[in-house]
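This report concerns only the one structure given below.
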Amino acid sequence: MNRKSDILVVGSGLAGMTAALTAAASGKSVTLLCYGAGSLSISSDCIDVLGYFGGERTKEPFTVMERLPEEHPYRKIGTQAVKTALEWFEKFCAGAGLDLHKPAEGEGNHELITVMGTTKPSWLCPDSHDAACIRDAKHIAVFTVENMKDVHPRLIIDQLKHYPFLADKDFQGFTLPCPIKDARRNITPLDIARYVDKPDGLRWLHENLEAFAGKFDVFLLPPICGMELAQNVWKKLSTELNVRIVEMISIPPAVSGLRLYDVLRKSLNQKGVYLAENVQILSADVEQGKCRALYSEEGQRWEADEFVIATGGLLSGGISTEPGKAWESIFHIPLNVPADIEAWSSPDIFGSSLFARMGVSVGGDLRPLDEGGAILLKNVRFAGRVLGGYDFALEKSGHGVALATGWLAGTLAGKE
Ligand SMILES: Cc1cc2nc3c(=O)[nH]c(=O)nc-3n(C[C@H](O)[C@H](O)[C@H](O)COP(=O)(O)OP(=O)(O)OC[C@H]3O[C@@H](n4cnc5c(N)ncnc54)[C@H](O)[C@@H]3O)c2cc1C
């Protein structure tokens, strides 16, 4: 069976969903294909733009962007494109009921707190994750829920106390009773967040936190203030209990990443994007430097005039490897990696990793280039983690690159 659309996007991570949304704004027909949810289900709704540069925390990402290596995706598309994409995204999220804010002028990256008791910098985040208030707080309550796995106040507090600016704070840990009695398994923040979307759940959270109101300056909670209703619940509780509530960033399943995923998905439906899930693209029909169609598992042919490939890195399947060789998985574009497998490992476990940096080399319009710099495919653009030249984990730029390149790829595909 053949399916035809004007623009075909592969991948439903942040890059692919953003590309599909911006492409659909052109009025052309857009199809989005994927076989997995992408890394929003394991990450957060906070957009890291450039948290670290040269091993140091950045205050304001844009001041150092021009000094990144030439092969970095931000350098390829230019700082202005990154800024425009972020502005578009802030407006889009506000319109969709998910308020993400950049830091106030001169403030620098937001400070977030994770359930592992670490802090991390991020550029756009909802107010519920912004932990700036912790700096002025004296008494801080850290909560978990009975039977909740991966959220342990003692561990969080011990770890946070290692930060000099938190060392003298009065932290106290508390366990709220589990409201899901028949779970017969450990629960996660996602279970509670879904429960809190219901009136009973909201009542449960309010009643259990009320006992601590007036005794602490800040409540550190796992991300349990609801899914669809999270921002309303967070505001309501903060106002009624008169306390600053900070939702920590959880490890997977990623509550706040799924909040953003839901918002993006709903918007794609509203914009008429045809979403085909559980479809794995295996190969491409390329003729004279132009892609005619992609083929999925069952031999189905997906035709389009323009293509955006946002298939992620090694974990998501966008990149394939074998010892001494790496390639982009659909078009089999060879990636520039050392043939000597010894050179693939790094002696520094927290240092830069070749596995994180390997990816497709593109020009400023995100079309793939060969080693000599010539365009390989005239109507195909790459976006997000499938791109090479940056290490999202080391520099904290994951969603930033996905968003900026997804926005540009979709916008340019819509103009062709
Ligand atoms: C644990 C963890 C936490 C993170 N937390 C943050 C954070 O808080 N903030 C931040 O800014 N960044 C974070 N990141 C980084 C960030 O998640 C990624 O860098 C970024 O979201 C990548 O998005 P993407 O759309 O390029 O790829 P992905 O999200 O990986 O999406 C790839 C998509 O392509 C699909 N796909 C792949 N191959 C095919 C195929 N052949 N056919 C069809 N579909 C295919 C996949 O199923 C998937 O839907 C985190 C990363 C990890 C691993």
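The values are calculated or read from the model by the stated rules, or taken from the named source; none is laboratory data. Quick caveat: nothing in here was measured; it's all calculated off a predicted structure. Cβ placement follows ideal geometry from the backbone for every residue including glycine, while neighbour counts extend to all protein chains displayed. To get the accessible areas, we keep the full protein, side chains included, count just its heavy atoms, and leave off ligands, DNA and RNA. Shrake-Rupley method; radii C 1.70, N 1.55, O 1.52, S 1.80 Å.
For the set 102/415; 138/396; 28/266; 120/169, the pairs lying more than 23 angstrom apart at their alpha carbons are 102/415; 138/396. Calculated FRET efficiency, residue 353 to residue 285, Cβ-Cβ distance, R0 = 41 Å: about 0.75 to the nearest 0.05. DSSP finds beta bridges in the chain, and of those with both partners inside it, around 40 percent are antiparallel. Taking 0.36 nm per residue of sequence separation and removing the Cα-Cα distance, the residue 90/residue 228 pair yields an extension gain of 47.9 nm. Annotation: the chain has a Kirkwood hydrodynamic radius of 22.4 angstrom, from the mean reciprocal C-alpha pair distance.
Rounded to the nearest 10 degrees, what's the angle between the helix 14-24 long axis and the longest principal axis of the chain, both from Cα atoms, 0 to 90? The two axes meet at around 60 degrees.
With 28 Å as the limit, the listed pairs 76/325; 83/236; 161/198 have 83/236; 161/198 beyond it between alpha carbons.
What a 1.4 Å probe finds exposed on the stretch 199-241 is 52% carbon and sulfur by accessible area, rounded to a whole percent. Listed values for the stretch 402-416 are Karplus-derived 3J(HN,Hα) couplings in whole Hz (6.51 cos²θ - 1.76 cosθ + 1.60, θ = phi - 60°), namely 4, 5, 5, 6, x, 4, 5, 4, x, 5, 5, 4, x, 8, 5, and x replaces Gly and Pro.
Shown is the FRET efficiency for residue 59 and residue 184, computed with R0 = 45 Å from the Cβ-Cβ distance and rounded to the nearest 0.05: 0.40. A 1.4 Å probe run over the protein chains yields, for the chain, 44 Å² of accessible area per residue, whole-number rounding. Fully extending the segment from residue 213 to residue 25, taken as 0.36 nm per residue of separation minus the present Cα-Cα distance, adds 63.1 nm.
In the chain, the DSSP-assigned H stretches of four residues or longer account for a calculated mean residue ellipticity at 222 nm of -8500 deg cm²/dmol, using -39500 (n - 2.57) per stretch and the full residue count as denominator.
Protection proxy ranking for 88-97, 326-335, using the average of other Cβ atoms within 10 Å per residue and placing the highest first: 326-335, 88-97.
Taking a straight Cα-Cα cut-off under 20 Å and skipping sequence neighbours fewer than 8 places away in the same chain, the aspartates and glutamates within cross-link reach of residue 290 are 6, 303, 305, 306, 328, 365, 370, 371, 416.
What's the angle, to the nearest 10 degrees (0 to 90), between helix 255-270's Cα axis and the longest principal axis of the chain? So the helix axis and the longest Cα principal axis differ by about 50 degrees.
Summarising the label geometry, the points placed 7 Å from Cα in the beta-carbon direction at residue 136 and residue 80 lie 3.8 nm from one another. Packing, as the average of other Cβ atoms within 10 Å across residues, places the peptides 355-363, 309-317, 180-188 in the order 309-317, 355-363, 180-188, highest first. At a Cβ-Cβ separation cutoff of 4.7 angstrom, cysteine residues of the chain with no neighbouring cysteine are 34, 93, 133, 178, 225, 291. Label the stretch 220-311 by shape, choosing from rounded, prolate and oblate, from the square roots a ≥ b ≥ c of the eigenvalues of the Cα gyration tensor; if a/c is under 1.5 it is rounded, and otherwise prolate applies when a/b is larger than b/c, oblate when it is not. Here the stretch 220-311 falls in the prolate category. Peptides 336-342, 275-281, ordered by how many other C-beta atoms sit within 10 Å of their residues on average, highest first, read 275-281, 336-342. With all protein chains in place and a 1.4 Å probe, the accessible surface of the stretch 299-416 carries 57 percent carbon and sulfur.
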